[in-house]
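Below: one structure, written as structure tokens.
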Amino acid sequence: MKTPNNRIGLIWPSDGVLDSELWQFAPAHASLHFTRTQVIDEPISLSLVERMAEDTDIDYGAETLRPISPAVVTYACTSGSFVLGIDGEKQLLDRIERSANAPSTTTSTALAAACHALGLERVAVAAPYIAEITDRLASFLEAKDIKVSKVTSMGLSHGIGDVSDEEVIQLGIEANDAKSDGLVISCTNLRTADIIERLEGTLGKPVISANQATMWHACQIGQIDFPDAAGIGKLFELPAITNV
């Protein structure tokens, strides 16, 4: 019998510090294989994120993963995958799939897929970015037929990886909207693994975070089962894919 392919390739922004959080969301039998884009040492701005989305380092990163024959490759950057809209997202998916010779997804693709899977028609959005970047996320979700009832931004241009769990909880509470079916928390550099269930309990609705959705959708696309998923939110309570 052929051994199941549980290899997940991740193209990670150069400032990504939450590798360990992606392992928290990953099934125990999966293996994660990271590559990073080039270092860009400047504050996070709309212009920077637009350049990141078009950076050929994404293609190169996908190509470096090709020799391991991953089950799936994901571009694990939220802003870099929504900033150019759904047309830009499609181009990213095509570029990654072509370079890696493997099925592809992105964090923004995953967030939208997670909203649809949970039946969320209207969401509130919380993000650490400056407002003009978060507004692009709202537009992206709307283009994916997900209504956005409220948008909340922390206004950060650096240091997102240093935001504490308690600060994320407060962000989620502030961002919540009574009209929304759920809450979307953006950015793969924002820590959420240890607080999702607590926040869902407080808000009484599903919470979808960037890293959670990234790993969930990678498992879906890569046909990787997650039978051991527990304590990481309602998204992972949905029926798992069985690896065949």
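The values are calculated or read from the model by the stated rules, or taken from the named source; none is laboratory data. Bear in mind the structure is a predicted one, so any value in this text is a computation, not a measurement. Positions of Cβ are generated from backbone atoms using ideal geometry, with glycine treated the same way; all protein chains shown enter the neighbour counts.
Values computed for the structure shown
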| quantity | calculated |
| --- | --- |
| Single unsatisfied condition, ILE221 versus (1) among the β-branched types (Val, Ile, Thr); (2) over 18 Å from CYS77 (Cβ atoms); (3) assigned by TED's automatic domain parsing to the domain that holds ALA28 | (2) |
| Residues satisfying the stated conditions in the range 153-176, i.e. surrounded by fewer than 18 Cβ atoms within 10 Å (Cβ to Cβ) and in contact with a strand residue (DSSP E or B) (Cβ under 6 Å, 6 or more places away or on another chain) | GLU174 |
| Which numbered condition PRO13 fails, given (1) of a type outside the set (A, V, I, L, M); (2) buried (at least 22 other Cβ atoms within 10 Å of the Cβ); (3) modelled with pLDDT of 95 or more | (3) |
| Filter pass, PHE226 being part of a helix (DSSP H, G or I) and touching a helix residue (DSSP H, G or I) at 6+ places or on another chain (Cβ under 8 Å) | no |
| Top-ranked residue in the range 98-138 [being out of contact with any Ser or Thr (no Cβ under 7 Å at 6 or more places or on another chain) and among the basic types (Lys, Arg); ranked as nearest to ILE173 (Cα to Cα)] | ARG136 |
| Complete set of residues in the range 91-108 that are of a type outside the set (D, E, K, R) and assigned to a helix (DSSP H, G or I) | GLN91, LEU92, LEU93, ILE96, SER99, ALA100, THR107, SER108 |
| Of all residues in the range 70-90 being touching a strand residue (DSSP E or B) at 6+ places or on another chain (Cβ under 7 Å) and assigned to a loop (DSSP other than H, G, I, E, B), the one that is surrounded by the most Cβ atoms within 10 Å (Cβ to Cβ) | ALA76 |
| Filter result (buried (at least 21 other Cβ atoms within 10 Å of the Cβ) and among the aliphatic types (A, V, I, L, M)) within the range 198-220 | LEU199, VAL207, ILE208, ALA210, ALA213, MET215, ALA218 |
| Flag for ILE224 being surrounded by 21 or more Cβ atoms within 10 Å (Cβ to Cβ), in contact with a Cys (Cβ under 6 Å, 6 or more places away or on another chain) and in contact (Cβ under 8 Å) with a residue 24 or more places away in the chain | no |
| Residue match in the range 141-158 (condition: within 27 Å of ALA102 (Cα to Cα), assigned by TED's automatic domain parsing to the domain that holds ALA114, modelled with pLDDT of 95 or more and among the hydrophobic types (A, V, I, L, M, F, W, C)) | yes |
